[in-house]
1. Just want to confirm a number: the relative contact order over chain A, from Cα pairs under 8 angstrom separated by 6+ residues, in percent.
2. Given the alpha-carbon gyration tensor of the stretch B:188-274, what are the semi-axes of its equivalent ellipsoid in whole angstrom, ordered largest first, with each equal to the square root of 5 times an eigenvalue?
3. So if I restrict to the alpha-carbon atoms in chain B, what is the Rg, and what is Dmax, the biggest pairwise distance, in Å?
4. List the pairs from A:3/A:44; B:83/B:126; A:114/A:256; A:192/B:292 whose alpha-carbon separation is above 28 Å, in the order I gave them.
5. Relative contact order for the stretch B:245-336: what percent, with Cα pairs under 8 Å and sequence separation of 6 or more?
6. For the stretch A:216-314, what is one quarter of the convex hull surface built on the Cα atoms, given in nm²?
7. Nothing charged except the Cβ atoms of Lys and Arg (+1) and of Asp and Glu (-1): what's the magnitude of the dipole of the protein assembly as shown about its Cα centre? Round to the nearest 20 debye.
8. Roughly how much accessible area, to the nearest 100 Å², goes out of reach of solvent when A and B pair up, both sides summed, probe 1.4 Å?
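The values are calculated or read from the model by the stated rules, or taken from the named source; none is laboratory data. Please read these numbers as outputs of a predicted model, since none were measured by experiment. Here the Cβ positions follow ideal geometry from the backbone for every residue, glycine too, while neighbour counts run over all protein chains shown. Note: areas computed on protein heavy atoms with side chains; ligands, DNA, RNA excluded. Shrake-Rupley method; radii C 1.70, N 1.55, O 1.52, S 1.80 Å.
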There are 2 protein chains.
Amino acid sequence: MDKIRIMQWGFGAMGSGMVELISKKSTMELVAVYDKREEYRGKKVSDILKGVNLDVEIVDDPLNILDNKKIDVVIMATSSFVKDVTDDIISVVKKGVNVISIAEEMAYPWISNKDLSQKMHDEALKHKVSIVGTGINPGFVLDALIIMMTGVCKRVDRIEASRINDLSPFGPTVMETQGVGITPGEFEDGLKKGTIVGHIGFPQSISLIANVMGIELDEIKEVREPIISKTKRETKYVKVDPGMVAGCKHIGYGIKDGKKVITLIHPQQIKPEIENIETGDYINIYGDPDIKLSIKPECPGGIGTIATAVNTVPLIVEAKPGLLSILDLPLLRIAN
Amino acid sequence: MDKIRIMQWGFGAMGSGMVELISKKSTMELVAVYDKREEYRGKKVSDILKGVNLDVEIVDDPLNILDNKKIDVVIMATSSFVKDVTDDIISVVKKGVNVISIAEEMAYPWISNKDLSQKMHDEALKHKVSIVGTGINPGFVLDALIIMMTGVCKRVDRIEASRINDLSPFGPTVMETQGVGITPGEFEDGLKKGTIVGHIGFPQSISLIANVMGIELDEIKEVREPIISKTKRETKYVKVDPGMVAGCKHIGYGIKDGKKVITLIHPQQIKPEIENIETGDYINIYGDPDIKLSIKPECPGGIGTIATAVNTVPLIVEAKPGLLSILDLPLLRIAN
């Protein structure tokens, strides 16, 4: 069988991880890498990724490459938001190429940007290709896996799930958007100003789950609270004294008739183990039967996003055309 | 949208549970029930299932019904083995109707009966309908869920999973096929004679997983050991004294180059809690990353099989034609 020919669009932490993984997959071939950063001009993958023997140049003219080389799938790892990726996605779709995006909002783009989603869907249908958003979360832990587990249930009344993870490996940007290392008052200010965002993806995950449950929600509500440290915590990038903020506890609710039918809880902090907090993914489904699932430690965020995106490649090649979601694809599985 | 019209084929413990569940699904309509047992002649569903207000007769001429009523899906709950269900499945397929089977071997029928599988596949293609095997196990816990979790992995080296459950609710037939209530010597004799079978489905689950991992196994090996009770255990149907057999520990291995790359462990016994054994489903994937998932207590067997079969109904209606497996269907989810 012919190898699936891939262009990596975006060569940051996630994109370069994907390139490395693609290089190990016998059914895939990396044909091109696009990144707009000046420092990559004239560089090859092997110049940047030590140990990856790939003679592929990092280019700044992706559409030209798409015109001149046969490419089956573009994996796009740039922004988190539909409004920032739509134009790029449509430009690829118009070349007749499938797109996998790890933009969090692309997990279910209809909820944040209906018109842009319709536009992407129409173009995908016209050019007979597929677009899908994926990633570890949204895309897997707090939606796809929950949905899969509803499949063994006769009835689902209510879902509560949490993902408790460790932010310690992340750099300054994540510390800022999660409010780590500041005072509770500064945290409140950051929420008001919109500089502290917590997790991106709750409306998407909650909408996917509600669809499956056959519920039209009255409201999706999000609450962000500071995780105030009782102890001294420290990483390479940030110091937290007792009384300061160690992270953001972000909760999303799907509400119907005044009841919280879907509750997704995602506290993200540095060094949770100092306060004896066990990281993990926890899914509780209340219905017939009740299901209590846990993954300890949690599915790792970075590796998980890289893996889900690359593992989606064989699935999108076979998928029906259109702007799809994880609900439209076959059972996710490791690609070879 | 039109309701999906269903015929239930087989009205035993599983089939009657499915009928009850279908009666609660707003997108489905139960059109007919077939069971060959004489005691059901002239009876309606509501005569047998108290509380289910269904005026559907239990008939003995299913093919006649398929000729005269529009039916979209037959759910077949009769035997465990491909050789016993193939003729029935093909008779339904020839009427242009999709089939969901809970026969354990149908989870991946190619491994036990290649020729019969090819025959089913050809007929399904000819008549543009789909056939799929499902159930809690095989069909979910020790295959589909494992496969889904490989989707967050960059690399999978080895899989070990176990399903520890409680046989206490089951009747005399299950006690006999699992060897409960006999001596270790009688257990050995039962294994030799083939009256003690343990779990049906390991070759199917192991083959599905190996396919996904891209491995051609050298051997699938099964080991059945008596679980010898240290305590007195008792159910409605069976008594077990210390030193006697409380159940069957059945292990399946998928072996490649002398290594057990897939190990599935399924100890089934009565009253495990007496010896402080916690029931549950446990999945360990060793690779990058390692994944440790647990479901406690285990996904219940009966309810889970009923639910997965009924929840597969909307998926099979939309599926491509042919003899399919869980690998070909979209993400399982609760049906409405």
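1. That works out to 20 percent.
2. The equivalent ellipsoid of the stretch B:188-274 has semi-axes of 31, 13, 11 Å.
3. 20.4, 59
4. Violating the 28 Å Cα-Cα cut-off are A:192/B:292.
5. 16
6. That works out to 9.5 nm², a quarter of the Cα hull's surface.
7. Around 60 debye, computed over the protein assembly as shown.
8. Buried: approximately 3600 Å² between B and A.
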